[in-house]
Amino acid sequence: MREREKGKDRKKMKKINFKNDRTLMIKIMSLIFAIILWSYVKGEANFITSTNFKNIEVSYEGLSDLKAKDLTIISPKESTVDVKLQGYNSYMRNVTKDGIVAKVDVSKLTEGEHSVPINVSYIDLGISVTNTTPRRIPFKVDEVLSEKHEANIVFLNKLEKGLSLGDLNKKVDVEVKGPSTYMNKIKKVDAYI
């Protein structure tokens with residue numbers, strides 16, 4: 001008799017009556033609604049995110065002003081910066097490296113060593129620059145000198161038999177222009193032909 005009762009209990013447990021059990025139906029509907037809501041929020045939510053870009057080229061503004069003052073940058077000739085951008089997800093989806101503008105103003109530099117801050121921005125509103133590495137660029141600026149030197153003409157190749165150069169002046173006056181750091185090291189000028 002006990003075996004019959006156990007068999008009946010098992011049959012009762014296996015049957016689920018959705019029409020009479022409203023709480024189960026509400027739980028299933030809540031689960032489905034939660035999955036739909038989660039997928040919507042994941043795809044469309046406008047949360048804040050960030051992205052890193054490496055080796056962004058830094059442009060030097062004001063080089064013509066330096067040239068007008070007979071100054072030149074000895075180092076660095078080129079610079080790059082690493083940038084971290086932050087913004088809402090809807091804006092950050094379209095962010096590219098080409099939209100980043102990194103520049104330094106060298107127009108007011110004088111002869112000597114200087115540390116100049118890098119100005120970094122992104123072309124679209126809603127995206128901000130949160131970090132740059134490095135934040136400053138160390139520049140070495142030098143005066144441009146122009147000096148006249150006598151250059152020795154050096155012939156690299158020998159002439160074929162029967163040919164001659166004639167009477168050539170083996171010295172010529174030349175003007176050399178460059179940073180004073182390098183100009184002060186000139187001891188001899190040769191012109192190779």
Cross-chain or 8 or more residues apart, Cα under 26 Å: how many lysine pairs in region 109-193 fit that? Count them up, please.
25
Counting DSSP beta bridges with both ends in region 35-193, the antiparallel % (nearest 5)
85 percent
Using only C-alpha positions, report the orientation-averaged shadow area of the convex hull of region 151-193, nm², one decimal.
3.8 nm²
Could you work out the percent of alpha carbon pairs in region 50-193 separated by over 18 Å, rounded to a whole number?
68 percent
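Let me check something: with ligands and nucleic acids excluded, how do ILE32, ILE127 order by accessible area (1.4 Å probe), largest to smallest?
ILE32, ILE127
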Could you work out what % of the accessible surface of region 19-171 is carbon and sulfur, using a 1.4 angstrom probe and leaving DNA, RNA and ligands out of the count?
54 percent
Along each of its three principal axes, how wide is the spread of alpha-carbon positions in region 63-112, in whole angstrom units, largest first?
48, 17, 15
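The values are calculated or read from the model by the stated rules, or taken from the named source; none is laboratory data. All figures in this text were calculated on a predicted structure; none of them were measured in a lab. We work out accessible area using only protein heavy atoms, side chains counted, and drop any ligands, DNA or RNA first. Shrake-Rupley method; radii C 1.70, N 1.55, O 1.52, S 1.80 Å.
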